[in-house]
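Rule-based calculations on the coordinates, nothing more; no lab input. Given the structure is predicted, the values throughout are model-derived calculations rather than measurements. For neighbour counting, all protein chains shown are included, and Cβ atoms are generated from backbone atoms with ideal geometry for every residue, glycine included.
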Amino acid sequence: MVALLLALQLRTITIDQRLAADAHVRVGDTVVVSATPGAGGDSVVLAAIIGRRADPSEIARSDYRVHLHLDQLQRLVGYGDRVDRFAIATHGTPAADSAVRMINDAAFGFRAYRSRDIAVETSATFAVVSRFHRAIGVITIVASAVFLLCILLLKVDERRRDVAALRLLGISRRSVMLTVVLEAAFVSVIGSGVGVVMGWVTSLAVNWHYQARYQTPLRFALVTSDIVIFAVTLSLVLGIVAGALAARRLVRTHPLVLLGR
């Protein structure tokens with residue numbers, strides 16, 4: 001009965017999932033909050049555990065998050081009536097612009113920022129990584145296109161006798177070239193499909209690993225419909241172009257020369 005009355009008199013706090021996991025505490029546990037480690041403080045009851053948001057800025061800071069009552073926080077940090085920063089909710093862009101101007105003009109030392117500007121600054125590392133990945137993607141596409149062209153040239157060159165026989169039977173150059181191009185397009189579509197499946201499986205593995213490591217719902221790898229359409233289209237175009245170049249080189253050669261005569 002005494003413990004129940006004591007629990008009813010204690011204030012409550014909430015913490016994030018990462019802190020709860022690292023500190024091995026659960027909802028209903030009594031903990032002590034203090035300004036310095038090991039020092040005496042206020043006993044509080046853990047009322048709830050909140051999930052982390054899918055916000056890259058939280059990943060970059062890797063801070064613990066604790067929600068306290070305002071008077072608790074004021075007494076804990078010993079700032080009195082001072083604050084380091086505070087957030088104001090506004091409705092719409094005009095209201096946000098007006099609030100920024102009013103706060104900046106209120107007194108010297110105040111500086112207001114929009115939340116999206118702060119998110120951009122704190123996510124600068126992710127932007128650099130994104131541009132780096134884009135550059136790697138461009139280099140990979142160019143290298144794969146050259147590799148694909150070389151493979152098709154070799155494969156088509158191995159079928160020179162078949163092409164020569166078709167030409168001697170009266171099959172036109174256009175028909176032979178169209179056959180090679182269609183075959184290259186078919187192989188490209190199959191290859192892009194396999195690549196999409198591999199990318200999807202890889203993204204699942206990447207998200208599973210890093211979401212567990214950083215304890216966040218943020219998705220680190222995405223395979224969207226736009227990416228799939230772009231990959232399949234690019235693969236098809238490269239396959240058709242490479243097949244056309246390889247077939248054009250072969251059909252312009254005389255059939256007897258293809259037979260080695």
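Among T202, T90, T12, determine the one that fluctuates most according to a GNM of the chain built with springs between C-alpha atoms less than 10 Å apart.
Fluctuation is largest for T90.
Using the beta-carbon distance between V146 and V196 and R0 = 22 Å, what value does 1/(1 + (r/R0)^6) give for FRET efficiency, to the nearest 0.05?
0.50
For M102 and Q74 in the same chain, what is the full-extension length gain: residue separation times 0.36 nm, less their Cα-Cα distance, in nm?
7.5 nm
Averaging sequence separations of C-alpha pairs under 8 Å and six or more residues apart, then dividing by the length of the chain, give the relative contact order as a whole percent.
Contact order relative to length: 20 percent.
For the residue pair R65 and V31, what label-to-label distance in nm results when each label sits 7 Å from Cα along the Cα-to-beta-carbon direction?
About 1.4 nm separates the two model spin labels.
Quick one: among D84, D42, D162, which has the greatest mean-square fluctuation in a GNM of the chain with alpha-carbon springs under 10 angstrom?
The residue with the greatest mean-square fluctuation here is D84.
Pick the calculated Kirkwood radius over Cα pairs in Å for this structure from (i) 19.7; (ii) 25.2; (iii) 17.9?
Evaluating Kirkwood radius over Cα pairs in Å on these atoms matches (ii).
If you look at just the Cα atoms of the range 169-230, how large are its Rg and its Dmax in Å?
19.7, 67
How much of the DSSP bridge set in the chain is antiparallel, in percent, rounded to the nearest 5?
Rounded to the nearest five, the antiparallel share is 50 percent.
Using a Gaussian network model of the chain with C-alpha springs under 10 Å, which one of I190, I229, I88 is most mobile by mean-square fluctuation?
Evaluated over the chain, the most mobile residue of the options is I88.
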